[in-house]
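*Asks:* Sending over a structure as structure tokens; questions will come in a sec.
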Amino acid sequence: MNHVRSILSTATTLVFGVAAAAASSATEAATPNQCDWQPDRAVTVIVPWGTGGGTDANARRLASLLEDEMGVPFNVVNRTGGNGVVGHTMLARGKPDGYTIGAATVEIDTMHWIGLTPLAYRDITPIALIDRTSPGVLVAKDSPYASLDDLLDEARNNPGELTASGTAQGGIWHLALAGMLKAEGLPPDAIRWIPSKGAGPALKELMAGGVDVATPALSEALPLVEQGEIKALGYMSEAPMEQLPDVPATGETLDSGWTLGAFVTISGPKGLPDEIACAYEQAIDQAVHSDAWAEFKQSRGAPVVFENRQQTRQTLAEADDKLGDVIQSIGLAQ
């Protein structure tokens with residue numbers, strides 16, 4: 001009898017599990033008829049960062065492809081300031097009618113932890129993830145460290161002696177390094193962070209001997225690595241970069257399996273109706289899997305990535321927890 005009850009209990013659990021999954025899918029994915037929304041006038045695409053950067057480049061190329069697909073202008077507007085606060089706030093507070101979307105970046109998961117704004121990922125409507133970039137662990141070409149293990153051993157034996165750079169204090173590449181150190185059982189400041197205004201200045205400092213390590217996006221350092229001007233000891237990703245297959249991926253080689261990446265999503269204001277979000281998700285899916293987008297990404301040394309609404313929402317939630325933990329560990333949480 002107990003065996004029968006067990007079978008019935010398992011069957012009931014499965015039935016309710018399937019029903020719950022079906023209900024979840026029904027709320028997440030609109031039916032084809034609900035995805036027929038189309039804009040009938042120009043759409044504003046807010047970019048929280050300046051022109052010429054990676055977020056701007058991705059947003060502008062996607063906007064041009066969406067123009068072709070949806071038949072209306074997609075006007076990219078750069079709204080900078082406050083380390084991303086201004087643009088993300090404008091996006092979150094936009095009218096949820098489909099005529100304002102934007103390139104919400106990983107900073108939506110860090111700004112509130114640092115105390116720059118109460119704004120968080122819950123205040124936007126995720127539509128799709130279109131770009132993910134992971135940092136490299138870079139040293140000068142004449143550095144005595146031949147591997148990431150060598151570098152971590154030095155940091156373990158002489159904490160605070162080595163210096164690193166790549167972005168501002170509390171920026172994503174700082175968090176990447178501090179998080180890796182913490183995950184590997186070292187103090188998150190075992191390699192001291194020297195703030196910079198971005199990858200370019202940090203790489204110049206690295207080559208000039210001003211810092212021992214740099215951790216910007218490996219794609220940004222790709223030409224210098226290929227030319228032998230600097231060495232890449234690691235790549236904070238699950239798998240090696242296609243263009244640099246010999247650079248070890250930390251997800252495969254570190255005991256902790258630590259990985260981290262910056263990302264760009266296309267999102268709408270909070271409360272964007274499902275039929276509109278669904279229509280954009282489908283259009284972006286088509287654009288991101290086009291030959292034109294593949295050529296664009298190849299020109300930037302970056303892979304084609306795409307996450308749908310549900311996956312993007314999960315990425316935002318997981319990154320918020322992960323980055324919040326690192327921010328608290330380095331004493332920057334407010």
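*Asks:* For a test of the definition: using alpha carbon positions, the gyration tensor, and the 1.5 limit on a/c, classify the chain as rounded, prolate or oblate. Mind dumping the intermediate values first?
*Replies:* Values: a/c = 1.90, a/b = 1.33, b/c = 1.42.
Oblate, since a/c reaches 1.5 and b/c is not below a/b.
*Asks:* Of Leu203, Tyr280, Ala42, whose Cα points farthest to the positive end of the dipole of the chain (charges on the beta-carbon: +1 Lys, Arg; -1 Asp, Glu; origin at the Cα centre)?
*Replies:* Projecting each Cα onto the dipole axis, the largest value belongs to Ala42.
*Asks:* For Lys182, go through the aspartates and glutamates and keep the ones whose alpha-carbon is under 14 Å away, minus same-chain ones fewer than eight residues off.
*Replies:* Counting by Cα, and skipping residues close in sequence, Lys182 has these aspartates and glutamates nearby: Asp153, Asp255, Asp325.
*Asks:* Moving on. Quick check: residue separation of Asp321 and Gln169 times 0.36 nm, minus the Cα distance between them. What number comes out in nm?
*Replies:* Numbers: separation 152, 0.36 × 152 = 54.72 nm, distance 1.90 nm.
Contour length minus Cα-Cα distance gives 52.8 nm.
*Asks:* Would you kindly find the accessible area of Lys141, with a 1.4 Å probe and non-protein molecules such as ligands, DNA and RNA excluded, rounding to the nearest 10 Å²?
*Replies:* Using a 1.4 Å probe on the heavy atoms, I get roughly 120 Å².
*Asks:* Note down the accessible area of Met90, probe 1.4 Å, to the nearest 10 Å².
*Replies:* The accessible area comes out at roughly 80 Å².
*Asks:* For n ≥ 4 DSSP H runs only, could you compute -39500 (n - 2.57) per run for the chain, divide by its residues and tell me the 222 nm figure to the nearest 500?
*Replies:* Numbers: 12 runs with 146 residues, N = 334.
One gets -13500 deg cm²/dmol as the mean residue ellipticity at 222 nm.
*Asks:* Sticking with this structure for a sec: Give me the Kirkwood hydrodynamic radius of region 154-250 in Å, from all C-alpha pairs, to one decimal place? It would help to have the intermediate numbers written out before the result.
*Replies:* Values: mean 1/r = 0.0738 Å⁻¹.
With all distinct Cα pairs of region 154-250 included, I get 13.6 Å.
*Asks:* Rounded, prolate or oblate: pick one for region 221-334, where a ≥ b ≥ c are the square roots of the eigenvalues of its C-alpha gyration tensor, a/c under 1.5 means rounded, and failing that, prolate if a/b is larger than b/c, else oblate.
*Replies:* Details: a/c = 2.48, a/b = 1.24, b/c = 1.99.
Taking the square roots of the gyration eigenvalues as a ≥ b ≥ c, region 221-334 is oblate.
*Asks:* Taking 0.36 nm per residue of separation and subtracting the Cα-Cα distance, what length does fully extending Ala294 through Glu161 add? Could the numbers behind the result be given before it?
*Replies:* Working: separation 133, 0.36 × 133 = 47.88 nm, distance 4.25 nm.
Here the answer is 43.6 nm.
*Asks:* Check the straight Cα-Cα distances from Lys197 and name the aspartates and glutamates below 18 Å, setting aside those fewer than 8 residues away within the same chain.
*Replies:* Those aspartates and glutamates meeting the cut-off are Asp56, Glu107, Glu205, Asp212, Glu220.
*Asks:* Suppose every Lys and Arg Cβ carries +1 and every Asp and Glu Cβ carries -1, with no other charges. What dipole size does region 220-334 come out with about its Cα centre, to the nearest 20 debye? Present the calculation step by step, with values, prior to reporting the outcome.
*Replies:* Details: 7 positive and 19 negative charges, 59 e Å.
Dipole of region 220-334, to the nearest 20 debye: 280 debye.
*Asks:* How far apart, in nm, are two points set 7 Å out from the Cα along the Cα-to-Cβ line at Gln227 and at Gln310?
*Replies:* Going from the Gln227 label point to the Gln310 one covers 4.7 nm.
*Asks:* Separate question: Considering only DSSP beta bridges whose two residues both sit in the chain, what percent are antiparallel, to the nearest 5? Before the final figure, lay out the partial values.
*Replies:* Numbers: 21 of 35 bridges.
The antiparallel proportion sits near 60 percent.
*Asks:* Mind checking which lysines have their C-alpha under 18 Å from Lys141, skipping anything on the same chain fewer than 8 residues away?
*Replies:* Lys204, Lys231
*Asks:* Compute the length gained on full extension between Asp153 and Ala208: take 0.36 nm times their separation in residues and subtract their Cα-Cα distance, giving the result in nm to one decimal. Walk me through the intermediate numbers first.
*Replies:* On the way: separation 55, 0.36 × 55 = 19.80 nm, distance 2.34 nm.
Taking Asp153 through Ala208 to full extension adds about 17.5 nm, to one decimal.
*Asks:* Follow-up question, since we're still on this one. Mind putting a number on the dipole of the chain about its Cα centre? Charges go on the C-beta only, +1 for Lys and Arg and -1 for Asp and Glu, and I need it in Debye to the nearest 20.
*Replies:* Numbers: 22 positive and 41 negative charges, 178 e Å.
Computed charge dipole of the chain: roughly 860 debye.
*Asks:* To test your reading of the geometry: what angle, between 0 and 90 degrees and rounded to tens, separates the Cα axis of helix 199-208 from the longest principal axis of the chain?
*Replies:* On a 0 to 90 degree scale, this one is about 20.
*Asks:* Right, another one. Only residues of region 272-302 count here: report those whose backbone N is under 17 Å from the spot 7 Å along Cα→Cβ of Asp40, or say none.
*Replies:* 276
The values are calculated or read from the model by the stated rules, or taken from the named source; none is laboratory data. Source: prediction; values computed, not measured. Because the Cβ atoms are built from the backbone with ideal geometry, glycine has one as well, and the counts that use them run over all protein chains shown. Only protein heavy atoms, including side chains, enter the accessible area calculation; ligands, DNA and RNA are left aside. Shrake-Rupley method; radii C 1.70, N 1.55, O 1.52, S 1.80 Å.
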